[in-house]
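What follows is a short report on a single structure.
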Amino acid sequence: MTATPVSPVIEGWFTTGEEPRLLASRCTRCTNVVFPPVSADAGAAAFYCRNPACDGDEYDAVELSRRGTVWSYTDAQYQPPAPYVPAADPYQPFALAAVELPEGLVILGQVADGYGVADLAVGAEVELVVETLHTDETGERTIYRWKPVTA
Amino acid sequence: MTAVIAGAGMHPWGKWGKNFTEYGVHAARAALKDAGIAWADVDFVVGGETVRNGYAGYVAGSTFAQALGWNGARIATSYAACATGAQAIDTARARIMAGLCEVALVVGADTTPKGFLAPNAGERWNDPDWLRFRLLGMTNPAYFALYARRRMDLYGATSEDFAAVKVKNAKHGLENPYARFRKEATVADVLASPVVSDPLHLLDICATSDGAAAVVLVSADYAKKHGIAAPVRIAAVSTVTPTFPNTVIDMPLLSTDSSALTGVPERTFKEAIGQAAYEEAGIGPEDVDVAEVYDLSTALELDWIEDLQLCKRGEAEVLLRAGDTTIGGRIPVNPSGGLACFGEAVPAQAIAQVCELVWQLRGQATGRQVEGARVGITANQGLFGHGSSVLLST
């Protein structure tokens with residue numbers, strides 16, 4: 001029996017392993033950080049610094065902090081329309097959170113399996129995990145998610 | 001040269017199953033009739049683009065002009081997502097102010113599918129509007145729900161408050177002949193409807209509709225010369241973008257800008273939209289008598305009231321509970337019934353907001369009139385940094 005291949009659903013947005021992190025692009029001139037990062041997989045080959053006071057066009061790939069605080073949160077009680085690919089049949093609702101990182105960005109993500117809105121609050125601490133979004137013909141496809149930090 | 005609104009017209013909102021052009025022509029003819037101006041006298045046509053109706057929708061200005069019969073007018077088509085209508089009005093207004101045209105017809109019309117608004121078909125890994133569905137399953141109501149939840153956790157808003165917005169708007173829209181939903185709702189009705197994205201129930205969230213709205217803009221000179229009765233002055237049109245860093249997550253994006261370099265800005269994007277309108281008009285929020293704001297959700301109406309500085313941040317529920325935002329109150333909001341009673345017809349909606357204020361300022365809003373209204377403001381936000389606010393005065 002061979003193991004099911006596991007691969008990120010999108011390249012260059014997050015690292016995997018024990019302590020996964022989101023990847024961002026940081027302007028080499030002014031240090032402004034953007035997420036999602038410049039990613040050829042996402043069709044973006046060029047970098048234009050978003051800071052209007054900077055015309056930087058070169059970037060470094062940087063890792064963002066693993067932990068942040070919840071800016072707000074919700075869930076999806078009904079199956080979202082395509083191109084969302086449901087992971088299970090029948091559909092299983094999931095939670096979503098917007099999370100503020102020490103780098104000064106708020107980043108949207110799904111909430112880790114097994115957690116719902118009752119486990120979240122504005123200002124609560126969460127950390128990044130990588131879980132399976134769905135399975136397709138190439139195997140398990142993974143995505144970053146926010147997991148509540150339980151003290 | 002000041003631009004004034006000489007006429008307003010709409011096709012009733014609903015699910016009528018017709019071509020968007022039919023709705024648009026209906027609204028255009030109604031606006032021209034209201035103005036008492038012949039189609040032959042229109043020298044500029046601006047169409048609000050619809051992205052769901054093929055090529056005819058992409059060139060909406062020309063589609064409406066041809067349907068009305070080519071008259072040699074100059075044309076333009078605008079697209080700014082939900083703010084399309086306001087951008088179209090701004091284009092017409094600028095041309096009149098520059099003295100380049102005298103009579104401009106602005107038309108927006110749409111047909112929309114049932115259910116969640118979804119991106120166009122195809123794989124687009126570089127399109128945030130596609131990625132948010134593909135990677136996160138992040139629908140429009142989920143964004144509205146993030147803002148709603150934040151009001152609850154920061155300001156103590158309740159589901160009953162959100163439901164009370166629906167109750168108010170449902171009552172406002174009862175007598176509006178253009179509204180699609182004309183039925184009273186109770187707080188219990190809203191709370192009993194299924195939760196779509198916590199904390200928002202189905203009845204907290206606006207539907208999608210077919211509909212069309214049109215306005216006729218003329219120069220103040222033309223209005224005077226042709227004896228246009230009760231022209232309504234366009235005091236300002238704000239279509240500003242965000243200013244870096246935009247630190248509130250905006251649909252359809254997956255992230256905000258970083259505030260690390262410059263700190264959190266003095267005004268959020270939505271606050272800046274209204275502020276730019278006030279500055280352009282040279283008046284302040286204390287001068288406003290009536291507002292039409294984009295209640296994509298009940299909770300979002302409360303955000304807009306604060307964004308337009310009609311009260312302090314975190315105090316919109318106080319206004320709501322006191323009846324201040326109900327017709328007859330201190331600052332009535334959405335006397336038309338708002339999106340709660342209409343459902344959204346994207347390129348027509350910002351024009352419909354302006355139509356309502358025209359009727360309010362003329363004292364013609366039968367069954368929903370804000371008595372003595374002299375200054376009205378609209379507010380709206382579309383995808384990808386498109387905001388709009390139109391300030392009208394008698």
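The values are calculated or read from the model by the stated rules, or taken from the named source; none is laboratory data. Treat the numbers as computed from the prediction; the structure is a model and nothing was measured. Cβ: placed from backbone, ideal geometry, glycine included. Neighbour counts: every protein chain shown.
At-a-glance table
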{"quantity": "Residue in region B:102-111 that is under 14 Å from B:V46 (Cβ atoms), modelled with pLDDT of 95 or more and not in a strand (DSSP E or B) present", "calculated": "no"}
{"quantity": "Listing of helices (runs of 4 or more DSSP H) fully contained in region B:1-81 that carry 2 or more residues being within 26 Å of B:A98 (Cα to Cα) and touching a residue at least 12 places away in the same chain (Cβ under 8 Å)", "calculated": "B:20-35, B:60-68"}
{"quantity": "B:F181 being in contact with a strand residue (DSSP E or B) (Cβ under 9 Å, 6 or more places away or on another chain), crowded, with 17+ Cβ neighbours inside 10 Å, in contact (Cβ under 8 Å) with a residue 40 or more places away in the chain and away from chain A (no Cβ under 14 Å)", "calculated": "yes"}
{"quantity": "Residue match in region A:53-74 (condition: closer than 23 Å to B:T139 by Cβ and polar (S, T, N, Q))", "calculated": "yes"}
{"quantity": "Positions within region A:47-72 being in a strand (DSSP E or B) and closer than 21 Å to A:F14 by Cα, in sequence order", "calculated": "A:Y59, A:D60, A:A61, A:V62, A:E63, A:R67, A:G68, A:T69, A:V70, A:W71"}
{"quantity": "Hits in region B:231-250 - residues which are in a loop (DSSP other than H, G, I, E, B), at pLDDT 95 or above and more than 14 Å from chain A (Cβ to nearest Cβ)", "calculated": "B:T239"}
{"quantity": "Some residue of region B:194-201 being more than 8 Å from chain A (Cβ to nearest Cβ), in contact (Cβ under 8 Å) with a residue 24 or more places away in the chain and in a helix (DSSP H, G or I)", "calculated": "no"}
{"quantity": "Of all residues making up region A:73-83, the number that are polar (S, T, N, Q) and either within 7 Å of chain B (Cβ to nearest Cβ) or in contact (Cβ under 8 Å) with a residue 60 or more places away in the chain (or both)", "calculated": "2"}
{"quantity": "Residue among B:G36, B:G47 that alone is within 30 Å of B:R182 (Cα to Cα), over 21 Å from the mean Cα position of the chain (by Cα) and not β-branched (V, I, T)", "calculated": "B:G36"}
{"quantity": "Cβ-Cβ under 7 Å pairs, at least 6 apart or on other chains, region A:1-25 side free of Cβ contacts under 8 Å to residues at least 60 places away in the same chain and closer than 21 Å to A:A98 by Cβ, far side hydroxyl-bearing (S, T, Y) and not in a loop (DSSP other than H, G, I, E, B)", "calculated": "A:S25/A:Y59"}
{"quantity": "Flag if A:F35 is facing chain B (nearest Cβ under 7 Å), buried (at least 16 other Cβ atoms within 10 Å of the Cβ) and under 23 Å from B:P242 (Cα atoms)", "calculated": "yes"}
{"quantity": "Leading residue by the ranking (farthest from A:Q110 (Cα to Cα)) among those in region A:47-72 that are away from chain B (no Cβ under 13 Å) and out of contact with any Lys or Arg (no Cβ under 9 Å at 6 or more places or on another chain)", "calculated": "A:F47"}
{"quantity": "Elements of type helices (runs of 4 or more DSSP H) contained in region B:290-382, each with 1 or more residues being surrounded by fewer than 24 Cβ atoms within 10 Å (Cβ to Cβ)", "calculated": "B:298-307, B:316-322, B:346-362"}
{"quantity": "Near pairs, Cβ below 6 angstrom, 6+ apart or cross-chain, from region B:84-105 (over 19 Å from B:G7 (Cβ atoms) and in contact (Cβ under 8 Å) with a residue 40 or more places away in the chain) to any residue that is hydrophobic (A, V, I, L, M, F, W, C) and not in a strand (DSSP E or B)", "calculated": "B:G99/B:M1"}
{"quantity": "Scope region A:102-119; condition more than 7 Å from chain B (Cβ to nearest Cβ), aliphatic (A, V, I, L, M) and either assigned to a strand (DSSP E or B) or under 17 Å from the mean Cα position of the chain (by Cα) (or both); matching residues", "calculated": "A:V111, A:A112"}
{"quantity": "Residues being under 14 Å from A:P5 (Cα atoms) and in contact (Cβ under 8 Å) with a residue 12 or more places away in the chain - total across region A:104-150", "calculated": "11"}
{"quantity": "Answer from A:T4, A:T16 - the residue that is farther than 28 Å from B:H201 by Cα, touching a Gly at 6+ places or on another chain (Cβ under 8 Å) and more than 13 Å from every other protein chain (Cβ to nearest Cβ)", "calculated": "A:T4"}
{"quantity": "Test: residue in region A:43-65 that is hydrophobic (A, V, I, L, M, F, W, C), touching a helix residue (DSSP H, G or I) at 6+ places or on another chain (Cβ under 7 Å) and within 25 Å of B:A145 (Cβ to Cβ)", "calculated": "no"}
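Per-residue answers, yes or no, for (1) facing chain A (nearest Cβ under 8 Å); (2) in contact with a Pro (Cβ under 8 Å, 6 or more places away or on another chain); (3) not charged (D, E, K, R):
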{"site": "B:L100", "(1), (2), (3)": "no, no, yes"}
{"site": "B:D110", "(1), (2), (3)": "no, yes, no"}
{"site": "B:K114", "(1), (2), (3)": "no, no, no"}
{"site": "B:W125", "(1), (2), (3)": "yes, no, yes"}
{"site": "B:L146", "(1), (2), (3)": "yes, no, yes"}
{"site": "B:R149", "(1), (2), (3)": "yes, yes, no"}
{"site": "B:E160", "(1), (2), (3)": "no, no, no"}
{"site": "B:G173", "(1), (2), (3)": "no, no, yes"}
